[in-house]
Amino acid sequence: MKHTPVLLRECSEALAVRPDGVYVDGTLGYAGHAREIAKRLRTGRLIAIDRDESAIEAARAELHEFGNLVECVRGNFRDIKEILGERGIDNVDGMLFDFGVSSAQLDNAKRGFSYMHDAPLDMRMDNAGPLTAFEIVNGWSADELRRVFSDYGEERYSRRIAEAIAAKRGGKPIATTYELNSVILAAIPAAARREKQHPSKRCFQALRIAVNDELGAIDDMLEAAPDLLKRGGRLCVISFHSLEDKRVKAAFLSGADGCKCPKDFPVCVCGFTPKLKLIGKRPVTPAQDEIERNPRARSAKLRVAERL
């Protein structure tokens, strides 16, 4: 399974891996970033986490040469504190989280992530997860669907699409990605179908986020991660759309400058103590040559913070 890791050099530089350090790759995927971290270890340790069983299996094979330096863990990065605690790890030297869906997942027709392949409406990153896209599309009310498409996909025709889905499923369930894609295309104006971005992209993104509670998991991780870093440890996060990046930016700013005192107070009296230092004033984005090699990297943003 081919997967091209995004911002690979930039992440490696930002983490500043020490040979004896302990690191977390919270979104292992198909081990592109994990391999770069593991190559720099000598006596250290990498805890690599993913909720996708197929990714874990592929990554274990890819990282086999590093032996006990790497442990692949099936789990959700929102549970990072518990995962580390179970291994007797109180804090680490660095963490990396890449919120992108891997190319291997998108291109695997059976997973149902893409409108480009006909497949059952699934979209679970963890195949044992309790909720599928089929259940949302066929079981949630039109108003709930509108909210999902609007809030998670920023879809301007969310109401029209939600109402069209509700009407269509009245005859029989909408069971496949192609069936859902057809409903979306029929629901939007003709001009919208001719836009550069595929008309179904936003709705499919929204469903994937809802199925996997991606934003909730991000919020949980961002709350826990700073306290799990050693002083000087780095937290590196790659986002791919504004819903993710806004959360990362807000959490980093809150950790670095969360003072609640009025701006005209001469000294802080609220008791805020900063946990984080921002590394760089702006997020790191891919260079043009990387975008040409890997167009899916176009929207990536890397933010880095250091534990004080």
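The values are calculated or read from the model by the stated rules, or taken from the named source; none is laboratory data. Note that the structure is a prediction, hence the values are computed from the model and not measured. Every residue, glycine among them, receives a Cβ derived from its backbone with ideal geometry; neighbour counts consider all protein chains shown. What goes into the accessible areas is simple: the full protein's heavy atoms, side chains included, and nothing from ligands, DNA or RNA. Shrake-Rupley method; radii C 1.70, N 1.55, O 1.52, S 1.80 Å.
The label point for L69 and the one for D289, both projected 7 Å from the Cα toward the Cβ, are 2.6 nm apart. Each residue of the range 275-286 is assigned a 3J(HN,Hα), and the resulting list reads 9, 10, 10, 6, 9, x, 7, 10, x, 7, 10, x Hz, derived from the Karplus form 6.51 cos²θ - 1.76 cosθ + 1.60 (θ = phi - 60°), x at Gly and Pro. Annotation: aspartates and glutamates with alpha-carbon distance below 17 angstrom to K81 (same-chain offsets under eight excluded): D25, D50, E71, D90, D93, D219, D220, E223, D227. Taking each residue as 0.36 nm, the span from D90 to R42 lengthens on full extension beyond its C-alpha to C-alpha distance by 15.2 nm.
In the range 1-135, Cα pairs under 8 Å separated by at least six residues give a relative contact order of 24 percent. Summarising the strand pairing of the chain, around 40 percent of its internal DSSP beta bridges are antiparallel.
So, with a 1.4 angstrom probe, what is the percent of accessible area on the range 175-308 that is carbon and sulfur? All intermediate terms of the calculation are to be shown ahead of the outcome.
Details: 3710 of 7090 Å².
Percent of accessible area from carbon and sulfur atoms in the range 175-308: 52.
Applied to the range 152-169, the Karplus parametrisation 6.51 cos²θ - 1.76 cosθ + 1.60 on θ = phi - 60° returns per-residue 3J(HN,Hα) values of 9, x, 6, 7, 6, 9, 4, 5, 4, 5, 4, 5, 5, 5, 4, 6, 5, 6 Hz, with x for Gly and Pro.
Averaging the sequence gap over all C-alpha pairs within less than 8 Å and six or more residues apart, then dividing by the number of residues, gives the chain a relative contact order of 18 percent. Ellipticity at 222 nm from helices only: DSSP H runs of n ≥ 4 in the chain, each -39500 (n - 2.57), divided by the residue count, give -11500 deg cm²/dmol.
Give me the percent of the accessible area of the range 72-145 that comes from carbon and sulfur atoms, probe 1.4 Å, all protein chains in place. Could the numbers behind the result be given before it?
On the way: 1540 of 3180 Å².
The C+S portion of the solvent-accessible surface of the range 72-145 is 49 percent.
Net charge of the neighbourhood of A164, taken over other residues with C-beta under 13 Å away and scored Lys/Arg +1, Asp/Glu -1, is +2. Summing Lys and Arg as +1 and Asp and Glu as -1 over all other residues whose Cβ lies under 15 Å from the Cβ of L7 gives a net charge of -1. A simple spin-label model places the labels of K196 and D118 3.1 nm from each other, with each point 7 Å out along Cα-to-Cβ. What do you get for the angle between helix 201-212 and the principal long axis of the chain? Use alpha-carbon atoms, 0 to 90 degrees, nearest ten. It works out to around 60 degrees.
Of the residues F66, F204, ranked by 1.4 Å probe accessible area with the largest first, the sequence reads F66, F204. Under the simplified labelling scheme, the N108-T176 pair shows an inter-label distance of 2.0 nm, with each label point 7 Å from Cα along Cα→Cβ.
With K and R counted +1 and D and E -1, the other residues having a Cβ less than 14 Å from that of R193 yield a net charge of +4. The candidates H64, H241, arranged from most to least accessible area with a 1.4 Å probe in the full protein assembly, appear as H64, H241. Per residue, the solvent-accessible area of the chain (1.4 Å probe, heavy atoms of protein chains only, all protein chains present) comes to 49 Å².
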